[in-house]
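Asker: This structure is in structure tokens; I'll ask about it shortly.
The values are calculated or read from the model by the stated rules, or taken from the named source; none is laboratory data. The shown structure was predicted, so the numbers you read here are calculated from the model rather than taken from an experiment. Reconstructed Cβ throughout: ideal geometry from the backbone, glycine too, with neighbour counts over all protein chains shown.
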Amino acid sequence: MTGPATAVDTSPEPPASEPDGPRAGSRRLRVRTARTDRGKEASHRPPRLLEPTFSGVGLVVGAFLIAISLGPSLLPRIPVVQGVASGVSFMVGYGAGAGAHAVWNYLQVPNLRGRPRTIVAWSLLAIIWISLSLSVWRWVGWQNGIRRTFGMEDLDPTAWPIVIGVGVLVAAALLVIARAIRAAFRWADQLMLRFLPPRLAVTLATGGMVILLWLLVSGLLVRGLFAGANEAFSVRDAGDKAGTTLVTSDLSSGGAGSLVAWEDLGRQGRSFVSTGPTVRELDAYAEGAVEPIRVYVGLRSAETLEERARLVLDELVRTGAFDREVLVLATTTGTGFIDANAADSLEFLYGGDTAIAGLQYSYLPSWLSLLADQEAVAEASLAVFDVVHDYWADLPASTRPELYLYGLSLGSAGVEAILTGPDILNEPIDGALMTGPTFVNLLHNQLERTRDPGSPSWLPVVGEGRTVRFTGEADALDEPSAVWGETRIVYLQHGSDPVVFFSPVTFYREPEWLQGDERAPDVSAEMRWFPLITGWQTLLDMPASGSVPEGYGHMYTAGANLRAWVGITRPSEWTDEDTAELAAYLDHRRAEQQTLLEQLGQ
């Protein structure tokens, strides 16, 4: 009967002295069956958050992706970044392997057993071990190869402990997060099962949790991150960069008679107005120089964007900027940065007869600003351009300065917002320089896609170069065959700049800049594309793109900026020899400044 049988299942085993018999054998069989069932239940139970239980298939796939993550990328990687890349890559592989194995078991597809399973398992482990060992050995080689190309020192021997330590911490943190999310999904399933049929309960619970997680990540979490970062960096904005000194000139914002208070310029603004070349330095290179005009308005200078834009115009009028030969509206990037290599090179080119104006729109560093300030940069660029352009357009064409736009990184997206706007049609500007354009630059992306046949993606030719031309560290402005028009647009970019060449598409499709002859000369010949991994590696390269020597990554030299300005502005009585001589002088001057700043920083 059922009752006695159930009671026997939970009773203790008989003493050893009890004679064997049919009832005793039946009792032992039921005890073993109960233990097996409990073992199966434990094996199917998901591991708890900190339980050291792992999927064998997940570990194998994760180890394989670690090997891939050690491959070359656009830039040399510091050990911490490599540790993050390897940790994330491992968890992507672990999740894919464990998930695929779970689906396999759910579909009740037979698993290998016995000798075939042993052979396959050891074969896979051998392949993974060889791949991982080769990748570890080759990692130092390609790292040092790129470092030597970039003029950097070889890796320090302490790199591997940092890589391993950071990788383990990252992987462990992601595993705990993944298990916590899975536990939340199971809790939602169990809650729904109390009221609904199983299939409907699972569907509704899963859908609801996915929506909730998306809202948390894309809304509350992201906004909280950006808000917290903005608050933190606003405090840093009150400090000064090395080499910043109080200005007294009435030709600079923050100086004598300025409408903008020195303390309201912000960290980058104070550095911009105080660190440019002096009239004495300009005159020493070429006699007859005048003091350059530098105008800047910080976030604290006025309450609204419209008021700050109006302050830019008022400062330009106050300083006499519309009497200069060249006027540049610079769209800043990140915390309000304007690249000294771009500003200084233009001022030397025109002997100081220039005016450059910028406006701060964010406290965030460039790599965060790229994600958070895409709308802000467009609004700031258009606000400044509209008010200045309207004033400039009303001046006599024969006496007003030539008007140019400039933007680095996300600032170049702000310049594009102006170039594609309708207000520029009636009174066209004279040209624009966009350096290190980002993957959110819609115009840049469209030009690259529609480039002339035969031109590479990292140095495209568009419309035979009639209006827009691309160049890099090596001057390529004269390569297009068409006559360059009156309004000249230049994109300055390096093939090794991840800010330019990262794209979400890279996660699932091989980019053109890695295909065959499309590869730029400063990109490692050993770099290969892998789904997910290459996209993740290039994304991780972006925060480090400003930490490499000038001439690579997101660091553009004074010489490259000068050559671009010469092509755009066409200074009179200027020769190629003049360009080469000034470029060499500027690069040498920049190296001396960097050495001095490093000493001040120490």
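Asker: Going by what's in this entry, would T595 be described as modelled with pLDDT under 95 and hydroxyl-bearing (S, T, Y)?
Answerer: Yes.
Asker: Still on this model: Only one of (1) assigned to a helix (DSSP H, G or I); (2) exposed (fewer than 13 other Cβ atoms within 10 Å of the Cβ); (3) of a type in the set (A, V, I, L, M, F, W, C) is not met by V109, so which one is it?
Answerer: Tallying (1) assigned to a helix (DSSP H, G or I); (2) exposed (fewer than 13 other Cβ atoms within 10 Å of the Cβ); (3) of a type in the set (A, V, I, L, M, F, W, C), V109 fails exactly one: (1).
Asker: If you don't mind, there's one more thing I want to ask. Only one residue in P549, P511 is surrounded by fewer than 20 Cβ atoms within 10 Å (Cβ to Cβ), outside the structural domain of S366 (by TED's automatic domain parsing), in contact (Cβ under 8 Å) with a residue 60 or more places away in the chain and closer than 24 Å to G145 by Cα, so which one is that?
Answerer: The match here is P549.
Asker: Separate question: List, please: which pairs have Cβ atoms under 9 Å, are six or more places apart or on different chains, and start with a residue in the stretch 160-188 that is without any contact (Cβ under 8 Å) to a residue 24 or more places away in the chain and end with one that is loosely packed, with under 15 Cβ neighbours inside 10 Å and polar (S, T, N, Q)?
Answerer: Between residues of the stretch 160-188 that are without any contact (Cβ under 8 Å) to a residue 24 or more places away in the chain and residues that are loosely packed, with under 15 Cβ neighbours inside 10 Å and polar (S, T, N, Q), the close pairs are A188/T206.
Residues checked against (1) surrounded by fewer than 20 Cβ atoms within 10 Å (Cβ to Cβ); (2) touching a residue at least 40 places away in the same chain (Cβ under 8 Å); (3) closer than 25 Å to G495 by Cα:
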position	(1), (2), (3)
V60	yes, yes, no
S73	no, yes, yes
R77	no, yes, yes
Q82	no, yes, yes
V88	no, yes, no
A96	yes, no, no
N105	yes, no, no
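Asker: Please enumerate the residues belonging to the stretch 256-285 that are part of a loop (DSSP other than H, G, I, E, B) and either at positive phi or in contact (Cβ under 8 Å) with a residue 12 or more places away in the chain (or both).
Answerer: G257, S258, L259, V260, A261, L265, T275, G276, P277, T278, listed by residue number.
Asker: How many residues are touching a helix residue (DSSP H, G or I) at 6+ places or on another chain (Cβ under 7 Å), over 27 Å from T579 (Cβ atoms) and of a type in the set (S, T, Y) if we restrict to the stretch 262-317?
Answerer: 2
Asker: Among the candidates L124, L134, which residue alone is in contact with a helix residue (DSSP H, G or I) (Cβ under 6 Å, 6 or more places away or on another chain) and surrounded by 12 or more Cβ atoms within 10 Å (Cβ to Cβ)?
Answerer: Of L124, L134, the one residue that is in contact with a helix residue (DSSP H, G or I) (Cβ under 6 Å, 6 or more places away or on another chain) and surrounded by 12 or more Cβ atoms within 10 Å (Cβ to Cβ) is L124.
Asker: Further question: Please work out which one of (1) hydrophobic (A, V, I, L, M, F, W, C); (2) modelled with pLDDT under 95; (3) within 28 Å of the chain's Cα centre (by Cα) is the condition I489 fails and give its number.
Answerer: The one condition I489 does not meet is (2).
Asker: Looking only at the stretch 226-262, filter to residues that are surrounded by fewer than 12 Cβ atoms within 10 Å (Cβ to Cβ) and β-branched (V, I, T); which one of those is modelled with the highest pLDDT?
Answerer: That would be T248.
Asker: Answer with yes or no whether D497 is in contact (Cβ under 8 Å) with a residue 12 or more places away in the chain, acidic (D, E) and within 22 Å of M152 (Cβ to Cβ).
Answerer: It is true that D497 is in contact (Cβ under 8 Å) with a residue 12 or more places away in the chain, acidic (D, E) and within 22 Å of M152 (Cβ to Cβ).
Asker: While we're here: Find the residue count for the stretch 233-254, including only residues that are more than 25 Å from the chain's Cα centre (by Cα) and either over 14 Å from G298 (Cα atoms) or among the basic types (K, R) (or both).
Answerer: So the answer is 10.
Asker: Which one of L346, L364 is more than 21 Å from I293 (Cα to Cα) and either buried (at least 17 other Cβ atoms within 10 Å of the Cβ) or not small (G, A, S) (or both)?
Answerer: L364
Asker: Sticking with this structure for a sec: So which residues in the stretch 414-440 are buried (at least 24 other Cβ atoms within 10 Å of the Cβ) and without any contact (Cβ under 8 Å) to a residue 60 or more places away in the chain?
Answerer: Selection gives E416, M434.
Asker: Tell me whether the stretch 574-587 contains one or more residues that are crowded, with 17+ Cβ neighbours inside 10 Å, outside the structural domain of I338 (by TED's automatic domain parsing) and not in a loop (DSSP other than H, G, I, E, B).
Answerer: no
Asker: Could you look through the stretch 464-479, keep only residues that are of a type outside the set (A, V, I, L, M) and in contact with a Ser or Thr (Cβ under 9 Å, 6 or more places away or on another chain), and pick out the one that is farthest from E427 (Cα to Cα)?
Answerer: E473
Asker: Further, regarding this structure: Just checking, how many residues over the stretch 155-175 are in a helix (DSSP H, G or I) and exposed (fewer than 12 other Cβ atoms within 10 Å of the Cβ)?
Answerer: Selection size over the stretch 155-175: 1.
Asker: Return the total of residues in the stretch 542-559 being in contact with a helix residue (DSSP H, G or I) (Cβ under 8 Å, 6 or more places away or on another chain) and aliphatic (A, V, I, L, M).
Answerer: Within the stretch 542-559, residues that are in contact with a helix residue (DSSP H, G or I) (Cβ under 8 Å, 6 or more places away or on another chain) and aliphatic (A, V, I, L, M) number 3.
Asker: From the set of residues in the stretch 130-154 that are free of Cβ contacts under 8 Å to residues at least 40 places away in the same chain and in a helix (DSSP H, G or I), which is farthest from Y94 (Cα to Cα)?
Answerer: Per the criteria, the residue is R148.
Asker: Looking at the stretch 125-139 only, could you name the residues that are of a type in the set (S, T, N, Q) and within 17 Å of G97 (Cβ to Cβ)?
Answerer: S131
Asker: As an exercise: evaluate E518 against (1) under 25 Å from Y406 (Cα atoms); (2) modelled with pLDDT under 90 and give the number of the one condition it does not meet.
Answerer: (1)
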